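Here is the structure we will look at.
The values are calculated or read from the model by the stated rules, or taken from the named source; none is laboratory data. Keep in mind that what you see is a predicted model, and the values were worked out from it rather than measured. Note: ideal-geometry Cβ built from the backbone for every residue, glycine included; neighbour counts use all protein chains shown. Ligands, DNA and RNA are stripped out before the accessible areas are found, and what is left, the full protein with its side chains, is counted by its heavy atoms. Shrake-Rupley method; radii C 1.70, N 1.55, O 1.52, S 1.80 Å.
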Amino acid sequence: MNASAARGRGQLETMLLLAAVALLAVGGGLYLAGFHSAAHAVWAADTLVGIVPAGWWVIDAARHRRLGVDVLAVLALVGTLVVGEYLAGAVITVMVASGRTLEARAAARAQRELHALLAHAPRMVHRYDNGVLTSPPIDDIVRGDLLLVQPGEVVPVDGRLESEAALLDESALTGEPLPAEHAGGDAVRSGVVNAGGPFDLRAATSAADSTYAGIVRLVSEAEASSAPFVRLADRYAGVFLGVAVALAGAAWALSSDLERAVAVLVVATPCPLILAAPVAIVSGLSRAARRGVVVKGGAALEQLARGEILLFDKTGTITAGTPHVFDILTATDMTADDVLRYAASLDQVSPHVLAAAVVRAARARGLTLALPEDVEEVPGQGVLGRVGGHRVKVGKAGWASAASPSTWTRSVRRRAALDGALTIFVDVDGSPVGALLLDDPIRPDAARTIRQLRRDGIHRIVMVTGDRDENAQTVGAIIGVDDVFAERTPADKVDTVRLEKRAGNTIMVGDGINDAPALALADVGVAIGARGATASSEAADVVLTVDRLDRLGEAVVIARRSRRIALESVVVGMGLSLGAMALAAFGYLPPVWGALLQELIDVAVILNALRALRDTTSANRLSGEEAALARRFSAEHRTLRPDLARIRDVADHLDVGRPAESLASLRDVQRFLVEELDPHEQAEDHDLYPVLARVLGGNDPTATMSRAHIEIGHLIRRISRVINELDPTEPDNDDIIELRRLLYGLHAILQLHFAQEDEGYLSLADDDNVLERSIP
């Protein structure tokens, strides 16, 4: 159903509810005023108002070969007219209209929130027409057109690069997390993002024949092949309908009293199915939306609750999807900070997406950058200019340094290949001084979310990605998955989902264009909509509107709890209704009293269904002052992390032959350890860990991390003692070896400890108004 049709249906059902309530109220007023005949006439009209749409819903369900709860509603409404129990008919009409309106409102809300999220998707392109730049609709593009693709824009159609070079973010199609450089004449596929400067593209296809359009067709085929979902209420309707009709028929046949049969049908009005189950499901939708998760209707929520197998993409889903400088290797005596300072100073004026990552890294370390001069961007190679009187080149190894590849260069490339990293080489005054290694970091909440999903009933977890196998295997091992399928095309991902569906209900999570067909085919498709592609968000059943993976775990918990409460409401309500039906069949419950008893049953099951609105996940996350405390320490981690690299850098450059320089570096590290790091660790143990212990529960859950604090403090004291006893003029070689050992050990412990805290503790901090802030 499209958005306009959904809005129209919602408006009609809202009008039906208003009319039903108004007629019930008017009839009640007339009855209290003594105009009983007029009141019965109004209630009869109300009953007719309910019969017409309910009859249409039955016909529509029959056309789709479904037997729904509306059949019982129609029988009960008609029965009340036949025996003259008009008040009971009016009450049933209000119940039926309420259930339909609740479902329509939930679907409309999800559509509105999703539309707000995706409203900024591009629809126009830039085309040269006789030398003049125009902006026609994308559907007007034909083969041979010359287009301009501006920075940050999605390539609209397949084509050939007409400019000298282009930097493209292809993660949405291939899963490769880092941008790829292309030279003039290279083929470029639609759906990738321009991560560099503007470039010209010669269209090789129309929009309808492009790579992106092919993926959209895959989405359509996947959606068409997905089996329709039967609502929880409708699955019970057939049995309940058969029992109710049989009991009503038996009561009539044995007593020859039609009123008994109608009384059975009146108390058989399936409010637990018509209203209570939707109330629980819609309450779950509301809870999920407040946590930044848009679920497109009750059927999607029920399917999410039944998920058994989780499949997910890597880039942008498990990883952050943006480049990050994670290491700096030096080729000379120059420190890592100096290498980064030269590179970032030059990259300040570069539009390259990797330049932004370099500048971010320098600012995180608090480095003071100089304004470069005579800057020249060399497409596909790098950037050069003057920084502080020195000639600096930043870019590819073969270009940044004119010398032939050295042993050091080959070592850097080997290290980058093992880590799945991208390298940026830095040359100063004609000599290589260092290299920056960039990667796509794993989200801090990824591993914790995976573990939580396993505890919540997901028994198989698979990563399906277009990225290289070695990168995918590394990430899969870190977060703990059951299987990894790498270098997969969109069609391959569809085949993987189809294979996994044979073993159980599947949940597919992704954010790129290449994930859209798999999202559409899976029982539940989940899109990271806060940063993902329009195609994936439109194909998905669930959209995370905040850039946090742990909300998926919360959504699963909410869905399962809502479905369980809905099922409880159905079973308990039907059991009570069956008891009332038996009383009515034996003549102990006239239709009017039956309607009143049914209302009491309705109130009970609806109150039970409303329990789904309660937030039961808050006990497992921080909030308020606790969240502010966690955010404080998370910010301190970001401030301290660059200094952790300095610890290793100082250890690398310790030299007996240069005691003054070595001692100055050691004193600087000692000051950092004693004045900044140690107080931070002690404050965590004293202020943060007691709060975390309460949230995490169990027997002393932070004990192992507190033990790490003790070891860190011990190493800091040992390092300080050795430094204080070091001879400033003739340091002993054994002391230097001992300091290296201690510094390397401390660096390794801190790296692991910070990662554990970021993943297991600090990512528990919650955000206020997440939905409002995340939607553009």
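Lysines near LYS296 by alpha-carbon distance under 17 Å, same-chain residues fewer than 8 away left out - which ones? Answer for LYS296, where 17 Å is the Cα cut-off: none of the lysines qualify. The slack in the chain from GLN381 to MET124, taken as 0.36 nm per residue of separation less the alpha-carbon distance, amounts to 89.4 nm. When ARG291, ARG641, ARG560, ARG614 are compared by accessible area of protein heavy atoms, the largest-first order is ARG614, ARG641, ARG560, ARG291, using a 1.4 Å probe. In straight-distance terms, cross-link reach from LYS501 covers every one of the lysines whose alpha-carbon lies under 17 Å from its own, apart from those fewer than eight places away in the same chain; here that gives LYS493.
Per residue, region 461-521 exposes 33 Å² of accessible surface when a 1.4 Å probe is rolled over the protein heavy atoms with every protein chain present. Computed over region 609-757, the Cα gyration tensor eigenvalues convert (square root of 5λ each) into semi-axes of 40, 13, 11 Å, ordered from largest to smallest.
Here's how it looks for GLY184: its modeled amide H is under 5 Å from those of ALA165, which are all 5 or more places away or on a different chain. Thinking of region 132-172 as a set of Cα atoms, what percent of all their pairs are more than 12 Å apart? Value for region 132-172: 66 percent of Cα pairs lie more than 12 Å apart. When you count the other C-beta atoms within 10 angstrom of each residue and take the mean per peptide, 517-527, 411-421, 276-286 line up highest first as 517-527, 276-286, 411-421.
Accessible area of region 648-692 with a 1.4 Å probe: how many percent of it is carbon plus sulfur? The value for region 648-692 is 52 percent carbon and sulfur by accessible area.
If you wrap the Cα atoms of region 422-493 in a convex hull and average its projected area over all directions, you get 6.8 nm². Annotation: aspartates and glutamates with alpha-carbon distance below 16 angstrom to LYS393 (same-chain offsets under eight excluded): ASP338, ASP347, GLU373, ASP374, GLU376, GLU377, ASP427, ASP429. Close amide-amide hydrogen proximity is noted between ARG127 and THR134, SER135, LEU148, each under 5 Å apart and 5 or more residues distant or on a separate chain (H modeled in the peptide plane; Pro and chain starts excluded).
A straight chain from VAL571 to ARG413 at 0.36 nm per residue would run longer than the Cα-Cα distance by 50.5 nm.
If you take all other residues with their beta carbon under 13 Å from the beta carbon of ARG413, and give Lys and Arg +1 and Asp and Glu -1, the sum is +3. Note on region 680-721: Rg/Rh from Cα positions, Kirkwood definition for Rh, rounded to two decimals, is 1.08. Rounded to 0.05, the FRET efficiency of the LEU583 and ASN505 pair, given R0 = 45 Å and the Cβ-Cβ distance, is 0.65.
Per-residue Karplus couplings for region 731-745, computed as 6.51 cos²θ - 1.76 cosθ + 1.60 with θ equal to phi - 60°, are listed in order as x, 6, 4, 5, 5, 5, 4, 5, 5, 4, 4, 5, 5, 4, x Hz, Gly and Pro entered as x. Each Lys or Arg adds one and each Asp or Glu takes one away; over the other residues whose Cβ falls under 14 Å from the Cβ of TYR744, this sums to +2.
Once the Cα-Cα distance is subtracted from the 0.36 nm per residue extended length, the ARG160 to LEU12 segment shows a gain of 48.2 nm.
Extending 7 Å from Cα along the Cβ direction at LEU258 and again at ASN724 yields two label points whose distance is 10.3 nm. Rounded to 0.05, the FRET efficiency of the LEU371 and PHE326 pair, given R0 = 25 Å and the Cβ-Cβ distance, is 0.40.
Shown is the FRET efficiency for ARG202 and ASP492, computed with R0 = 22 Å from the Cβ-Cβ distance and rounded to the nearest 0.05: 0.15. Be a star and scan region 714-737 for residues whose amide nitrogen sits under 18 Å from the point 7 Å along the Cα-to-Cβ vector of ARG658. Residues 728-733, 736-737 qualify, since their backbone N sits under 18 Å from the label point.
Taking Cβ atoms as reference points and 12 Å as the exclusive limit, the residues near ARG564 contribute a net charge of +3, counting Lys and Arg as +1 and Asp and Glu as -1. Translational diffusion of region 435-534 was estimated from the Stokes-Einstein equation, with Rh taken as the Kirkwood radius over Cα pairs; at 4 °C and 1.567 mPa s the coefficient is 90 µm²/s.
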